[in-house]
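Here's the structure we're looking at; comments come further down.
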Amino acid sequence: MKFLSSLTKKDLQNKICLLRVDLNIQNADLRGQTRGTTRKQNWHLRILAVLPTIEFLIGNGAKVVILSHRGRPQKVSSIKYQVSSYTLKPFAKILSSLFKKPVHFIEGTTFHAWNVEGDIFLLENLRFLKDEEENSGKLAKQLASLGDIYINDAFAVSHRKNASVAAITKFLPSYAGLLLEKEIKNLDKAMKSPKKPLIVILGGAKISDKIGMVKNFLNRADYFLVGGGMANTFLAAQGLPVGDSLYDKNADLRGLIRGLTRKIVLPVDVVIYKRQILDIGPKTIEKYLKIIENAETIIWNGPMGYIEDKKFRKGSEAIAKAIIKSKAFSVIGGGETASIFQNSKLKTQNSKLFLSTGGGAMLEYLAGKKLPGIEALN
Ligand code: 3PG
């Protein structure tokens, strides 16, 4: 794999760089940012994370054409709704205000070469074109014709075999961007050479992906601390009642139940509301914090409860605080989990903490799967 960080001004000056990023952020999570009322450090992680690469390219005299998807617009029938919910237009304004220079938004989806003077351009949501998700060579070639170099800085979508992530690498010299490089290095450090004890904390939904990860870590991790829908799935598999709680009744737990008592630690008490388990209870928090205290490496994906409601955030916040205090090298991923560290007083300068921009991509990577976006660069 070739890294953008190995290129210099000589390689980049006057080059047009196609930069694939992941700006898949819902309108609700953008509010203050489009109005320009949010302080920079509170901007969405996925926006902040791609700034260094754009700065690096501009600083070395390149022009940047930003490519991204947003949401899953093909699944929506009305074109008007598609465009209003999923357009990337607001990001041109956001990035312009961050860079204090115009970021030109290229409307429509025909992407003919355009004639605007400037350094930074943003194309419309590539998923407005069905060819994107079909990994079409035709679309990849068309996109490639707009630039000289391709850079993948979209770790979070590298598990999708999409035209602007995979097929495009056939048509241009291709590099991993600064963010993708950082993601791979940090995840590899936690997965391939972790200092022990290694504690894996798993909660939230996307249960089958997380089970894949547990299987890949069964011999590497010392403990799995489980909460949220993941815990409910294990509890239900043991025949315990979970009421109307979120769980996956089809989860394939073969090979895990045997190891349950030793490595997989389940809640000993929970918070229940309207027949649903919505958080881990105080005894469980205490038990989990004791284990975290001794950790040298921590991986966390998925909240312990329904954190959208403040009442059910206690478990996740207690864990976040313990991680900030701990000496461990920690990798945190999944949008919701990372947001616990981003939103509140928990904001941290702890340099041993890495917030991954990946959700599903992080899980697949840690489950030992090969990600098409990364394979394409290899
Ligand atoms: C994500 O948010 O996980 C990525 O942007 C991928 O989005 P997708 O699950 O819609 O492909």
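The values are calculated or read from the model by the stated rules, or taken from the named source; none is laboratory data. Model, not experiment: these values are computed from the prediction. Using ideal geometry, Cβ is built from the backbone for each residue, glycine included, and neighbour counts are taken over all protein chains shown. Accessible surface is based on the protein model in full, side chains and every heavy atom, while ligands, DNA and RNA are left aside. Shrake-Rupley method; radii C 1.70, N 1.55, O 1.52, S 1.80 Å.
Of 184, 201, all but one fail to be assigned to a helix (DSSP H, G or I), among the β-branched types (Val, Ile, Thr) and closer than 14 Å to residue 366 by Cβ; the exception is 184. Please specify each residue of segment 61-86 satisfying the condition of being of a type outside the set (Gly, Ala, Ser) and at pLDDT 95 or above. Within segment 61-86, 63, 64, 65, 66, 67, 69, 70 qualify. Of the residues in segment 191-206, how many are buried (at least 23 other Cβ atoms within 10 Å of the Cβ) and in contact with a Ser or Thr (Cβ under 8 Å, 6 or more places away or on another chain)? Qualifying residue count, segment 191-206: 4.
Screening segment 160-182 for residues that are surrounded by fewer than 24 Cβ atoms within 10 Å (Cβ to Cβ) and within 16 Å of the ligand (Cβ to nearest atom) and picking the one that is farthest from the chain's Cα centre (by Cα) gives 166.
Could you check, for segment 219-238, whether at least one of its residues is assigned to a helix (DSSP H, G or I) and more than 30 Å from residue 268 (Cβ to Cβ)? Looking for residues that are assigned to a helix (DSSP H, G or I) and more than 30 Å from residue 268 (Cβ to Cβ), one finds none in segment 219-238, hence no. As for segment 239-246, it holds at least one residue that is open to solvent by 30 Å² or more (accessible area, probe 1.4 Å), small (Gly, Ala, Ser), at pLDDT below 95 and over 19 Å from the mean Cα position of the chain (by Cα). Does at least one position in segment 38-60 carry a residue that is outside any helix (DSSP H, G or I), within 16 Å of the ligand (Cβ to nearest atom), modelled with pLDDT of 95 or more and not β-branched (Val, Ile, Thr)? No.
Of all the numbered requirements in (1) assigned to a helix (DSSP H, G or I); (2) in contact with a Pro (Cβ under 9 Å, 6 or more places away or on another chain), residue 162 misses one, and that requirement is (1).
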